[in-house]
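In what follows, a structure is listed as structure tokens, so that the remarks can point back to it.
The values are calculated or read from the model by the stated rules, or taken from the named source; none is laboratory data. Note that this is a predicted model, so its numbers are computed, not measured. With ideal geometry, Cβ positions are generated from the backbone for all residues, glycine too; neighbour counts draw on all protein chains shown. The protein model used for the area step is the full one, side chains on, heavy atoms only, and it has no ligands, DNA or RNA in it. Shrake-Rupley method; radii C 1.70, N 1.55, O 1.52, S 1.80 Å.
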Amino acid sequence: MSLTEKTLSVEKIYDGRIIKVEKQQVELPNGRQTTREIVKHPGAVAILAVRDDQVLLIKQFRKAMDEVLIEIPAGKVEAGEERVKTAGRELIEETGLEAGKLTLLHEFYVSPGFCDELISLYKAEELTDSTEYTADDDEFIELFWTPFSEIDSLLQSGQVRDAKTILALQTLLLNYNHSN
């Protein structure tokens with residue numbers, strides 16, 4: 001039995017600066033028809049910046065949740081931009097740091113039930129201060145370094161509620177515990 005759905009028609013509902021929304025009429029594997037509302041997103045990168053057994057975290061107000069979240073640096077992929085280039089650019093824009101080494105750790109969908117956003121998670125190492133640092137006008141970010149030894153407590157405390165950050169920190173914690 002095939003699990004795929006055949007797209008019969010697409011209606012554009014919204015075309016915004018960051019997202020687009022489509023209403024799709026689909027045929028299910030059993031032949032029945034239904035409607036899917038899909039959020040189209042250009043994709044993003046997230047950066048796990050590490051140095052001296054510490055990870056760089058940020059605090060940023062997120063209007064969708066109406067609260068300040070603890071996250072790793074991240075940002076949207078621009079049209080035609082390679083994801084690794086996005087990771088380097090976003091690290092500079094959000095932190096003022098440049099990575100001598102960027103390694104792809106994972107690629108994952110954020111909310112595949114309704115959104116096509118794919119996030120590429122990179123580990124950034126060999127960090128230096130950037131001479132190209134220019135923060136975005138609409139981003140207000142507080143940076144702080146957390147020792148690897150405190151990551152488990154931070155996660156257990158429930159203070160980190162952002163999925164990409166939880167995944168990144170769990171990955172780091174797993175690798176850190178295996179190397180020590």
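So the values come out like this:
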| item | result |
| --- | --- |
| Derived scalar couplings ³J(HN,Hα) [segment 138-145; Karplus, 6.51 cos²θ - 1.76 cosθ + 1.60; whole Hz; x for Gly, Pro] | 9, 10, 10, 10, 10, 9, 7, 9 |
| Distant-in-sequence amide H partners of Leu105 (H built 1.01 Å from N, under 5 Å) | Leu121, Tyr122, Lys123 |
| Cβ-placed point charges (K, R +1; D, E -1), dipole of segment 69-180 about Cα centre in debye, nearest 20 | 580 |
| Inter-probe distance in nm under a simple model that places probes 7 Å from Cα toward Cβ, at Glu150 and Thr4 | 5.0 |
| Heavy-atom surface of the chain, accessible at 1.4 Å and reported per residue (Å²) | 61 |
| For Val77, distant residues with modelled amide H under 5 Å away | Gly43, Ala44, Val45 |
| Amide H within-cut-off set for Cys115, under 5 Å, with H built and near neighbours excluded | Val39 |
| Whole-Hz ³J(HN,Hα) from phi, Karplus 6.51 cos²θ - 1.76 cosθ + 1.60, for segment 63-79, glycine and proline x | 4, 4, 9, 6, 7, 7, 10, 8, 9, 8, x, 7, x, 7, 6, 7, 3 |
